[in-house]
Each structure stands twice: as structure tokens, then as C-alpha cells.
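*Asks:* Supplied in C-alpha cells, the structure appears directly below.
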Amino acid sequence: MDDEIILRTQGLGKTYETKPEKTVALDDVNLQVNRGKLLAIYGPSGSGKTTLLFLLGGLDRPTSGRIYFEGVEVTNMDERRLSKLRRNAIGFVFQNYNLVEELTVLENVMLTMMFEGKSEREMRDRAEQLLHKVGISGKEQRRPAQLSAGEQQRVATARALANRPRLVLMDEPTGNLDQENSQELMQLVSEVIHGEGATCVVATHNLDIVQEADSKLFLKSGRIVSS
Amino acid sequence: MRTVLTVLGLAALILTYVGVQSLVSTLEINVTGSVSSLGGEIDVWSKGAVFPLLSRLPESYASQVKSISGVSLATPVALVQLTVDNNYALVAGVVPAQFPHLLNYTMTSGTMISSNQSGILAIGKALAATIGKGAGDSAQLNGQDYRISGVYETNTWMDYSLVIPHTVAQQLIGWVNQTSMIVVVTQDPRNVNAIIGQIRTLLPTVDAFRTSEAPSRISPIFASLEAIATDITIIVSVSAVLGIMNSNLNNLRERMRTFAIFKATGASYGQIIKLVFYESFLIGVLGTLLGLAISYVILSFVSIPLIETINVKIILVPSTFIYATILGISISIAAAIYPALKIAKVRPQEVFRFG
């Protein structure tokens, strides 16, 4: 059923023009993600996973094709509507976490809620609740640099979930972690994301995550090789 | 560090602005004071004179002006700069009987001159303090001995001068039936403009104007001093805007990643601009407050020499501080416009990929 599809792409392509040559990062990518499911996108480095996530998250615009989020085409959305989409509907966990170094852990999680205009009390309660869920209680006032890689990843996850997004995009969530920490983190993150009722798209090298996913896409040289 | 330097730069701008404006205000108030402290509402000078010391007109004009309806007092004042115990001072030759109607003063010691008797003078409190003399003492006026009848206080520039009878002043200058200016008091201040018109018609060789207009008439140089101060303010302000803008741009460039994160996590174009403006506003307030405090402290201890040994303290006018506050914050905001628009266009994916 179409209403179960939260995300769909049609002939998606992205070409970087670095004169004199053109680099095709994505070519004719067609995918769909059902609500509440986990889609794993895997493939070798440089296959276009991050580019695809950036396009799906409204952080970049495709050079061809279309993206539909909850049935609405986002490809031609103006910047204002895209900002709102990123703020309300989509949570992004970046490969390098991208936490703001000058802010505390708590403030980092409150960030997206601040842009949404929520009250201080509401932001604080929600941030503390999420940090508790991801196991970072007691470290709210620390700076990101004072946390381990795994802890930073959890904070980034909490931030992505702050505004109760319907879609969470995760770029190499276990890329900087050892196997034990990767498994522990993914189990926790998976529980939290599903607990929040969100759909998740993960770009990863980690085959364990791929195994656990509801659906998977293998990307090579910007094209879907198998699904 | 860059923010601290921006705050200090802004404080320096405020100090420059307050310093220049206060200097002009001090000169203006004192120059105004040197004329308007003689009292009256209308000054009558010879046409073309740029300073009352250079004005010369017939003493009989005073009675002609007095005959105009609505004039309650028209009295001649002869101004001359003389040495008093080797200090230069402005000496006002006045008609003793009319002087109390011209000026409000209190005698701190002795009495005011009351007749045309020569060899007697009354001295302003500040000048008396400068030469270290008081009532009953003798002072050398232009090399001749004069007895100080009393010390007066007006809390105006007159406190830096001394008063002798008009006839005595005429003798000292060597004028016969001539005076420097005529000071006019009206019966109804609402008629000042009409009376000025009548004086100009009656006496075509003189110029009459409100006493408050004296500074701009005293010298074209003085009028242009205000223009120079404005020019300095504009040049310093433009330099400050460019300097702070450059600092802001570099500062924001260093924090490009932070703004990219803001944008990636949902901050809109407008929210980024607001954040930058808010930050600039805070820096503006900090720099301005610091600048005002430094200006107040420094300028409170600064004096400028006005006539030889007479130093006047810089006068701190409240409106200068208000304008400085507006200027400081405006410059901060203005210097943030371009950097804010630029940083709001940041493309997160490019920053995350290429740094």
C-alpha cells in the first residue's frame, strides 16, 4: 500500500561537476522504504551511500530524479520548507557525529528543538529523557570532546530523535567503533528508534547491521546492484 | 580572542566618538559661554565681525535699540583680552548700574563694582583662584594696579573673566564712544525674532541674533569644527564597520561547521541570520558599555587649555553617551549584515564533505 511507503525515490541521480570532469555519484537510484522499517544501504567506500543519505535528508539536491517523503515530492521544495522538513520529520546521525563542540551534551540534544521553538522546560525534559534512553545520563553537562566515540554517537542519535522524526538517517553509525561497541550501540539505537516509532535508513559497511535490516540495498559506483 | 578584539575595537571607537564629540561640546559650551554668559537674549555686533573681540560699534546704538518697543534693556559691553597678573583673561567692560539686570551672579566675597570709578575690578571665582587673589587684594591689569572689589560666581564662563566699568574699558582700549557689542533683554521672549528684525532694519551696519546662535557666528572655523567632528565620526564608523565585518567574517568562517550543523539539524536561513545578529548585538552592547566606561573615566580627568593658563575640564554631555550607545550597537549590527547573509547560505553537505 502506498500509504505505508514513507520514502520513495525515482530515477535519482547526482553528478558533481568538478571541471573539466564530471563525477557521477548516483545514477538512477530507485528505492522505497516502508514506515517503521529499517533499510540498510551498504557497499564499498565511494559507492555513493553518503550522497544518497544527504539527498534523502534534504541536505543536498539531486541533479536528476525525484524524492517523495510521505507522498510529497521534496526535490523541488524551497529552502524554508526543506529546513522545516529537516527539523520536524527527519533526524540525521552523521558519520562524524557533527556535535557542536562549544555546546554541552544536553545543549546539543536540545538544538533541533530550539530551532523548532519549543520551551526551555520541554526541551530539557525531552533531552534528558533521550540521553537516559541512550545511556548518557549523568554526562549532560560534558562537552562532546570529553566523551568517547561511542558516547558521541549516542548523543548524536539522541539529537536526531529529539523532535520525534518519522525518518532517521544514519551514516556509518558504527564506522568509528569496535565490533563489541558496534553491536551494543546498534542494539540500543535500534530499540530507541523503533521505540520512538521512527523509520530508519542506515548507510553502513557493517554486515551485522545489514543482516538485521528489514530490507537492504547494495550500492556500487552510484548504482543499486542488488536489493 | 577575535571576539575580545572586536569588543575592544568597538570600545576604542566609542572612546574616539565620545572624545571628539565631548571636545567639540566643551569648546561649544565654553565659547557660547564666553558670550552668552554675559546674559541677554540678543547680541548686537558690528556686521562681519567673527568674534565679539573684533566687533566695534557706536555706543549710542544702545539707546537706539533701547527705544525699540518690547526691549527692556540694551546695554553696551566692551570686551578686551588683557593680562591679569601675567595671565591672559577676557575682560568685560559693563555699565555697573545695568550689570545686575544682565547677569545672575552671587558674590562669594566683597562687592560687585557699582560705579564708573577706575582702578576697581570684580573678578570671577575661577580666575581669582588661578591668580591666587581675593576681595581687597590688588591685581595688575595690563600692568596697572587695580583693587579687587569682590569675587563673583556665575557657574558660567564668566567665572574665568573679570569685570570693569565700561568707561574704564573704553579708556584701556583707547576707544571713544565705541563698544564691542550691545546685549539686549526683551520684555517678552516670544518677541525676540521680531525685535531682531527691527534692530537689523534700524541699524543696517550691525548684525543682531539670538545669543544662543553665537557659537556658529563667532567663527566660521568653529562652525566647521562640528563638521570636522562629524566627518571624523563617519570615517571612524565606516572603518569600524569594515574592520568588525572582516572580523565577523573570519570568526564565522572558523565556525562554519557549527553553522552547517545548525542548518543540517533544521535551522532556517532566517534563524541563522537571527543568531548572528543576536551575537553581534551582544558584542555591540559589551563593546559599547566598555567604551562608555573607559570614555567616562578618561575624559573625567582631561582638561583642555582655553586661554593661556585657563584650563577647562571636558564637559561630558549625556546626549553624547546616548548617541554613542546608538552608534556602537548600530555599527555592530551593520557589520553583521553581510557575514550573516553569507553564513546563512552555508551548504552543510559541502562543509561536511570538504571542511
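*Asks:* Check off (1) out of contact with any helix residue (DSSP H, G or I) (no Cβ under 7 Å at 6 or more places or on another chain); (2) under 30 Å from residue A:109 (Cβ atoms); (3) at pLDDT below 90; (4) away from chain A (no Cβ under 14 Å) for residue B:282 and give me the number that stays unchecked.
*Replies:* (3)
*Asks:* Let me ask something additional. Looking only at segment A:101-132, filter to residues that are within 17 Å of residue A:188 (Cα to Cα) and surrounded by fewer than 19 Cβ atoms within 10 Å (Cβ to Cβ); which one of those is farthest from the other protein chains (Cβ to nearest Cβ)?
*Replies:* It comes out as A:132.
*Asks:* How many of the residues in segment A:1-42 are within 22 Å of residue A:72 (Cα to Cα) and of a type in the set (Ser, Thr, Tyr)?
*Replies:* The qualifying residues number 1.
*Asks:* Sticking with this one: Kindly state which helices (runs of 4 or more DSSP H) lie completely within segment B:65-176 and contain at least 2 residues that are hydrophobic (A, V, I, L, M, F, W, C) and in contact with a helix residue (DSSP H, G or I) (Cβ under 6 Å, 6 or more places away or on another chain).
*Replies:* B:125-131
*Asks:* Find all pairs meeting these conditions: Cβ atoms under 6 angstrom apart; at least six residues apart or on different chains; first residue within segment B:91-120 and farther than 20 Å from residue B:144 by Cα and touching a residue at least 60 places away in the same chain (Cβ under 8 Å); second residue part of a strand (DSSP E or B) and among the hydrophobic types (A, V, I, L, M, F, W, C).
*Replies:* Note: pairs meeting the criteria are B:101/B:73.
*Asks:* Which condition breaks for residue B:304 when tested against (1) more than 14 Å from every other protein chain (Cβ to nearest Cβ); (2) assigned to a helix (DSSP H, G or I)?
*Replies:* (2)
*Asks:* When you look at residue A:226, is it small (Gly, Ala, Ser) and in contact (Cβ under 8 Å) with a residue 12 or more places away in the chain, yes or no?
*Replies:* For residue A:226, the condition - small (Gly, Ala, Ser) and in contact (Cβ under 8 Å) with a residue 12 or more places away in the chain - is not met.
*Asks:* Moving on to the next point. Return the total of residues in segment A:162-192 being among the hydrophobic types (A, V, I, L, M, F, W, C) and without any contact (Cβ under 8 Å) to a residue 40 or more places away in the chain.
*Replies:* Count: 3.
*Asks:* While we're here: In this structure, is residue B:150 small (Gly, Ala, Ser) and in contact (Cβ under 8 Å) with a residue 24 or more places away in the chain?
*Replies:* When the stated conditions are applied, residue B:150 passes them.
*Asks:* While we're looking at this one, here's another question. Just a yes or no: is a residue in segment B:48-55 at pLDDT 80 or above and buried (at least 16 other Cβ atoms within 10 Å of the Cβ)?
*Replies:* Yes - at least one qualifying residue is present in segment B:48-55.
*Asks:* Can you find a residue that is surrounded by fewer than 20 Cβ atoms within 10 Å (Cβ to Cβ), over 18 Å from the mean Cα position of the chain (by Cα) and more than 12 Å from chain B (Cβ to nearest Cβ) anywhere in segment A:81-100?
*Replies:* No.
The values are calculated or read from the model by the stated rules, or taken from the named source; none is laboratory data. Predicted model only: the values in this text are computed from it and were never measured. When we count neighbours, we look across all protein chains shown, and the Cβ atoms used for this are built from the backbone with ideal geometry, even at glycine.
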